[in-house]
Structure formats: C-alpha cells, structure tokens
Amino acid sequence: MAYSILIVDDEALTLRTIGRALDSEGFEVFLASNGEEALKTMTTEQPDLALLDVVLPGIDGIEVLRQVKKISPATIVVMMSAYHLVDRAVEAMKLGAYDYLIKPFHISDMVSTIRRATEMLAFRVRVHDTVESAKGRYDFGRVVTESPAMREILEMARRAAESDHTTILIQGESGTGKEVLAKAIHYNSPRAQAPLISLNCAALPDTLLESELFGYEPGAFTDARRRKEGLIEKASGGTLFLDEIGNTSFSLQAKLLRVLEEGNFLRLGGTKPIQVDVRIITATNRVLKEAVTKGDFREDLYYRLNVLPLFIPPLRERQEDILPLALDIMQHFNKELKKNFTGFTPAAAELLQKYPWPGNIRELRNVLERGILLAEGAVITGRHLQFQQSFPAVPMADRQLSGTLCEMESSYISFVLGRENGSVLRTAQRLGIGRSSLYAKMKRHNIPVGTGRGAI
C-alpha cells in the first residue's frame, strides 16, 4: 500500500532531499515550506503522515501540529528539530506527535522512523477491519428470534447502546447468550472503536480477580515487582463486561461501586486515584435481588448495576426460536466443517422442540455440532441427536401420529416452507424427503401450496 506524506520545512535543500528519498521509497509526497501552506495541503489532501519541522516562518511547527490534530486526527506526525530545541520536540510529543528526529540526521534513520509510523497505520487498519467485522457479526438485526419477549429485549438493548454511559445488568441462565448481547451493545454504541474487555468473575479466586481488575503498584504484594495496569484501566474509553458478577466478594463489590460512582479507583498498593471513562456491563445467572435479600450481594451496588435490567428468557420458554436457531447454527457449521446439510427430518424437529434444553443455546450448538459430525447425507435425523439428559419422546411415524405430534409435523413443514419462500422442491430437500411425499403430507395437514416465486 502506498502511503501519502506531507513534508514541511523552510529549508529548500532539506525539503527536496527528503522528498526525493521518500518518493523513491514509494510514498506519495507533498511539500510545504511554511505553516500556512502545510495547513492548506492538510485540509485538501489529509495525508497519512506528516514530517514537520518545529521552526517555521509564520505559524510555527507546534501550532501547525495543534491544527493538524483538528483537521486530520488520523494523520501521524513526526517532528524535526535541532538539538537545542529538544524541549519543543518533547512538547510536540505531549500534543500527539508520534516521534521526533534531531537535525542533522541520516536519511536512512529518517526512512526507518517513517516506516515504523506506517506500521502504526497498518495496525489501525487491522483494528478498524476487526471492529467493522465485529459490528457486522453482532448487529442486532442478525439475532435470530421469533420470540416477542426476545424482540422486546433486543429493542431495549438497541436503545441502551445509543447511550454510552448507562450501566446494564443482563440476567439469564447459563448458555442463553448474555455475552453475545453485551458484545452487540458495545459494537453498536459510540464506544465501538474502543476496547471491549471481558472477564468471568467466577473463573478467578477473589485475590487474583482484584489484581486483574485494578492492577497493582510495585511492592503491593510479594511478587509485585513492577506496575501492572488492571482491566478497568485498559478498558477506559470502551466497555468492561463482567460476567458472573454475583460471584464477587463484598470487598471487591465496594471497589466496583467507587468506579461507578466516582469514575476512579486505586491500584493495589497505590495512593493516587486513577480516573477512567468506562461503561460497565454485568451479567449473572443468579437472581441478584434474591442475593441482596439473603445478604450475599451489596444492595447499593445492585441498584447501581441495575439501571437497565435485561432478562434473557431460557430457550425452553421461547420454543418458537428453537428451529430458526437450529437452522442458523446448522448453516454456521456447514461453513466451519465444510458440510452441506439442508435441514432436519420432522422426527428430528420434534425432538429438538420437545427437549427442555437446560444448557440453552450453548447446548443446542453442542448437540447440533455432534449430529453434523456423525450424520451422512443432507439432513439430520432423530438418531443423530444425542442429548445430555434423557427425556420422554415418542418416535414419529407418518401413519400413526398423535394429535400433538401431527400438529408438530404440520407446524415444522409450514415453517420450512416459509423459510424457502414457498418452494416445495427446496422444502422437500431440506426435510430429506421426496417431493411427492411432501405433497402428500401437505394435503394431509391442509397446508396450501405456496404461490411465491420459488413455489415449484
């Protein structure tokens, strides 16, 4: 990739020499001999980099740097100064310059410095691509649900994302997708370009959890040989997601309360408060209100965390989501495992609907991944589904259906027909049966043949 660079120096020979050197290195070069020209070029071209002398006629280099940061914040600036003006270069660094060169310098040293700056640009591109990818992956519109309760939760989460300081408490059983919802909120918020730091509070002992969150100063404890930034500090400007918040001690809860109320904290062994701007999203599979009543959780922290409560219902309470989620997960594993499954037999669909899913969506993924690995052909049958706990299930037989199972088969056929835009051919393929068999089932269940563009 060819980067552009603006070189600003009032010495004509220096300007031409540097310009030729960087041009030969493949850069698109712009030249300016004073601050006014530099700012004009910056406004029109917004180059990737700038090599800027501290001493310039008219507007000096420091003021040009200040203006550059307003006009084109993404431009990386390297300053040039004589040895006796090093203090000015240091001042420039505080204003956001990437580095500085002391005149006179070797061209090779200058090129090396500029090359290092381009690595920073490349890193920014990678981070931007990663964030944009995450935004697509965690877009609220991509959440698969037919449940009115879940749609209401998603709408609340979407509105919460727009307010980048509101504290959110996500509650729900394990495996319901609490972390996915937290990520969707972050990547659809004004903080999307900043870090999202996640920590499972149940995964660490309390003393280690405290040092991970708040960091420590040298000598804070036996093995603390040097300063360490905590996760709260690293998340500043972004979002901190604390899963299983109900598993924290009263001591840790008091420190989290200070972060929420005062926007600062102390590292372990520290005496100077550290200011942070961080949004905190928490999650738990416990009913925190009950924990407060039992004295297991601080009431004041509970109310600070519970500004916007979001409760994700378990999968067994939103049966209308099971088959859409199963088909979506199947498509995911088709790509990941290089398979070509098209759907489930009615018997398999019945089993998916009847199973209580104690592990929720996480368990559904595990069952389907195992089934896709074991199955051959294009459809998953009932014998390919291995559940973690036994449950009463009646095998489906086409000619001996109970009323409830008959309704189940009718519902599933109608659902797949809808997904396939009314195409009987594609629906039969997804169900793993012949087209004539599907027509017979549709006639038995009084399901009309679709009139959509794909209805054949």
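The values are calculated or read from the model by the stated rules, or taken from the named source; none is laboratory data. These numbers were taken from a predicted model, which means no experiment stands behind them. So basically every Cβ, Gly included, is an ideal-geometry build from the backbone, and we count neighbours across all protein chains shown. For the accessible areas, the whole protein counts, side chains as well, though only heavy atoms, and no ligand, DNA or RNA atoms are used. Shrake-Rupley method; radii C 1.70, N 1.55, O 1.52, S 1.80 Å.
Regarding Glu290, is this residue out of contact with any helix residue (DSSP H, G or I) (no Cβ under 8 Å at 6 or more places or on another chain) and within 24 Å of Gly237 (Cβ to Cβ)?
Numbers: out of contact with any helix residue (DSSP H, G or I) (no Cβ under 8 Å at 6 or more places or on another chain): yes; within 24 Å of Gly237 (Cβ to Cβ): no.
Criteria not met by Glu290.
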Looking at Ala97, Ala50, can you tell me which residue is open to solvent by less than 50 Å² (accessible area, probe 1.4 Å), under 33 Å from the mean Cα position of the chain (by Cα) and farther than 15 Å from Glu36 by Cα? Ala97
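Return the only residue of Glu369, Glu299 being at pLDDT 95 or above, among the acidic types (Asp, Glu) and more than 20 Å from Glu409 (Cα to Cα). Outline the logic, then answer.
Numbers: Glu369 fails: at pLDDT 95 or above.
Step by step, each of Glu369, Glu299 is checked, and only Glu299 is at pLDDT 95 or above, among the acidic types (Asp, Glu) and more than 20 Å from Glu409 (Cα to Cα).
Please count how many residues of region 259-273 are closer than 26 Å to Tyr187 by Cα and open to solvent by 20 Å² or more (accessible area, probe 1.4 Å). It would help to see each step written out before you state the result.
So the first thing to find is which residues in region 259-273 are closer than 26 Å to Tyr187 by Cα, and the list is 259-265.
Checking which are open to solvent by 20 Å² or more (accessible area, probe 1.4 Å) leaves us with 260-262.
Qualifying residue count for the region: 3.
Quick check on Ile18: is it in contact with a helix residue (DSSP H, G or I) (Cβ under 9 Å, 6 or more places away or on another chain), modelled with pLDDT of 90 or more and among the β-branched types (Val, Ile, Thr)?
Working: in contact with a helix residue (DSSP H, G or I) (Cβ under 9 Å, 6 or more places away or on another chain): yes; modelled with pLDDT of 90 or more: yes; among the β-branched types (Val, Ile, Thr): yes.
So Ile18 fits the description; yes.
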Would you please list the contacts, defined by Cβ atoms under 7 Å and residues six or more apart or on different chains, that run from a residue in region 141-157 that is closer than 21 Å to Leu327 by Cβ to a residue that is at pLDDT below 95 and open to solvent by 70 Å² or more (accessible area, probe 1.4 Å)? Val144/Asp328; Thr145/Arg151; Glu146/Glu320; Ser147/Glu320
Tell me which residues, restricted to region 274-324, are crowded, with 21+ Cβ neighbours inside 10 Å and aromatic (Phe, Trp, Tyr). Phe297
Mind counting the residues in region 408-450 that are touching an Asp or Glu at 6+ places or on another chain (Cβ under 9 Å) and not in a helix (DSSP H, G or I)? 2
Quick one: Lys178 ticks every box in (1) charged (D, E, K, R); (2) modelled with pLDDT under 90; (3) open to solvent by less than 40 Å² (accessible area, probe 1.4 Å) except a single one, so which number is it? (2)
Select from region 438-456 the residues that are open to solvent by 30 Å² or more (accessible area, probe 1.4 Å) and at pLDDT 75 or above and write down the one among them that is nearest to the chain's Cα centre (by Cα). Pro448
Subset of region 1-14, residues surrounded by 19 or more Cβ atoms within 10 Å (Cβ to Cβ) and either small (Gly, Ala, Ser) or under 15 Å from Met79 (Cα atoms) (or both), comes to Ile5, Leu6, Ile7, Val8, Asp9
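Mind telling me which of the residues Val29, Val77 ends up being under 33 Å from the mean Cα position of the chain (by Cα) and part of a strand (DSSP E or B)? If you could, list the steps in order and put the result at the bottom.
Details: Val29 fails: under 33 Å from the mean Cα position of the chain (by Cα).
None of the other options fit; the residue is Val77.
Within region 1-22, work out how many residues are acidic (Asp, Glu) and under 20 Å from His106 (Cβ atoms). Steps first, please.
Initially, region 1-22 is screened for residues acidic (Asp, Glu), giving 9-11.
Imposing the further condition that a residue be under 20 Å from His106 (Cβ atoms) reduces the set to 9, 11.
So the answer is 2.
Take the residues of region 327-351 that are hydrophobic (A, V, I, L, M, F, W, C) and either out of contact with any strand residue (DSSP E or B) (no Cβ under 7 Å at 6 or more places or on another chain) or in a loop (DSSP other than H, G, I, E, B) (or both): which is surrounded by the most Cβ atoms within 10 Å (Cβ to Cβ)?
Per the criteria, the residue is Ala349.
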Starting from region 267-278, keep only residues that are in contact (Cβ under 8 Å) with a residue 12 or more places away in the chain and part of a strand (DSSP E or B), then list their pairs with residues that are open to solvent by less than 70 Å² (accessible area, probe 1.4 Å) and of a type in the set (Lys, Arg) whose Cβ atoms are within a distance under 7 Å, requiring at least 6 positions of separation or different chains. Ile274/Arg267
Could you check how many residues of region 234-258 are assigned to a helix (DSSP H, G or I), open to solvent by 30 Å² or more (accessible area, probe 1.4 Å) and modelled with pLDDT of 90 or more? 6
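Do you know which of the residues in region 181-214 that are among the small types (Gly, Ala, Ser) and out of contact with any Phe, Trp or Tyr (no Cβ under 9 Å at 6 or more places or on another chain) is surrounded by the most Cβ atoms within 10 Å (Cβ to Cβ)? Step through it out loud before you land on a result.
Applying the first criterion (among the small types (Gly, Ala, Ser)) to region 181-214 yields 182, 184, 189, 192, 194, 198, 202-203, 211.
Pick out the ones that are also out of contact with any Phe, Trp or Tyr (no Cβ under 9 Å at 6 or more places or on another chain) and you get 189, 192, 194, 202-203.
Numbers: Ser189: 22, Ala192: 19, Ala194: 19, Ala202: 14, Ala203: 12.
The residue in question is Ser189.
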Does any residue in region 186-198 that is part of a loop (DSSP other than H, G, I, E, B) come within less than 8 Å, Cβ to Cβ, of a residue that is β-branched (Val, Ile, Thr) and buried (at least 21 other Cβ atoms within 10 Å of the Cβ) six or more places away or on a different chain, and which pairs are these? Ser189/Thr239; Arg191/Thr239; Ala194/Thr239; Pro195/Thr239
Do any residues in region 419-431 that are modelled with pLDDT under 80 and hydroxyl-bearing (Ser, Thr, Tyr) have Cβ atoms under 7 Å from those of residues that are surrounded by fewer than 19 Cβ atoms within 10 Å (Cβ to Cβ) and not in a loop (DSSP other than H, G, I, E, B), where the two are at least six apart or on different chains, and which pairs are they? none
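Among the candidates Glu25, Glu63, single out the residue that is under 21 Å from His106 (Cα atoms) and open to solvent by 40 Å² or more (accessible area, probe 1.4 Å).
On the way: Glu63 fails: under 21 Å from His106 (Cα atoms).
Among Glu25, Glu63, only Glu25 is under 21 Å from His106 (Cα atoms) and open to solvent by 40 Å² or more (accessible area, probe 1.4 Å).
Mind checking which residues of region 149-160 are open to solvent by less than 90 Å² (accessible area, probe 1.4 Å) and over 14 Å from Val307 (Cβ atoms)? Break it down into steps so the answer makes sense when it comes.
Start the filter on region 149-160 by keeping residues that are open to solvent by less than 90 Å² (accessible area, probe 1.4 Å), which leaves 149-150, 153-158, 160.
Residues satisfying the conditions are Ala149, Met150, Ile153, Leu154, Glu155, Arg158.
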Would you be able to tell me the number of residues in region 100-131 that are at pLDDT below 85 and open to solvent by 80 Å² or more (accessible area, probe 1.4 Å)? 7
